[in-house]
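Take a look at the structure below.
The values are calculated or read from the model by the stated rules, or taken from the named source; none is laboratory data. What you see is a predicted model; the values in this text were computed from it and never measured. Here Cβ is always computed from backbone atoms with ideal geometry, including for glycine, and neighbour counts include all displayed protein chains. Side chains are part of the model used for accessible areas, which takes the heavy atoms of the whole protein and leaves out ligands, DNA and RNA. Shrake-Rupley method; radii C 1.70, N 1.55, O 1.52, S 1.80 Å.
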Amino acid sequence: KDSKFFAWQEKFIKELLNKDPEVLAEAVMRSCQNKAAVVAADEKEAGLRATLNLGHTFGHAIETGLGYGKLLHGEAVAIGTHMAAAMSHKLGWIDETVLKRTVDLFKQAGLPIHLPKDGVMTAEKFQSAMELDKKVSDGKLRLILLKGKLGECTFTSEFEV
């Protein structure tokens, strides 16, 4: 929900990776402020709060399918976030620029964006794992996907894969 913070991360990615104390403090502060604002606006997790889990539904399925410990949780979520962004682009919900900026930032941060080539993840395993996610409601998988400008997303079951 914070495109300015995303742009800030793009600008300061080298400092973040080098663990510059002032830059890290700013990143943590802004992250906490963003999360607190979302939680305050949706204390009971009625919708908005779920957007904090961008990439997690895919990421948890990856962890389940590959086996826990094959990837760090953050790596699985990074791959999942890329999957959500790629799916959003394929659905026509975001333009190429948003997808490219997401991929570029993850690559600069040294995060994976694709499943390991030697992994045992199949489409069937992926689907089975996603069906177990807590965001399944009334038999429908709900995902956090990007929609619109950078920083905008939606919590929806209205998609086709």
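Between Lys90 and Glu131, the contour length at 0.36 nm per residue exceeds the alpha carbon distance by 12.6 nm.
Between Asn34 and Asp2, the distance separating the two model label sites (each 7 Å from Cα on the Cα→Cβ line) works out to 0.6 nm. Tell me, rounded to the nearest percent, the portion of alpha carbon pairs in the chain spaced more than 27 Å apart. Across the chain, Cα pairs with separations above 27 Å total 25 percent. Residues whose amide H falls under 5 Å from that of Cys153, counting only those 5 or more places apart or on a different chain, are Lys147, with hydrogens built in the peptide plane.
Helix content alone sets the calculated 222 nm mean residue ellipticity of the chain: runs of n ≥ 4 DSSP H residues at -39500 (n - 2.57) each, divided across all residues, give -16500 deg cm²/dmol. Note on Lys70: accessible area approximately 150 square angstrom, rounded to 10, probe 1.4 Å, nucleic acids and ligands left out.
Here's the picture: a label point sits 7 Å out from the Cα of Glu10 along the beta-carbon direction, and within the range 64-89 the residues with their amide nitrogen under 18 Å of it are 82, 85-86, 89.
At an R0 of 41 angstrom, the distance between the Cβ atoms of Lys19 and Thr122 translates into a FRET efficiency of 0.60. Mean 1/r over all different Cα pairs, inverted: what Kirkwood radius does the range 52-134 give, in Å? By the Kirkwood definition, the hydrodynamic radius is 13.0 Å. Pairs exceeding 24 Å between alpha-carbon atoms, taken from Lys35/Lys125; Lys44/Lys149; Lys35/Lys149: Lys35/Lys125; Lys44/Lys149. GNM remark for the chain: springs join alpha carbons under 10 Å apart, and the peak mean-square fluctuation among Glu131, Glu75, Glu22 falls on Glu22.
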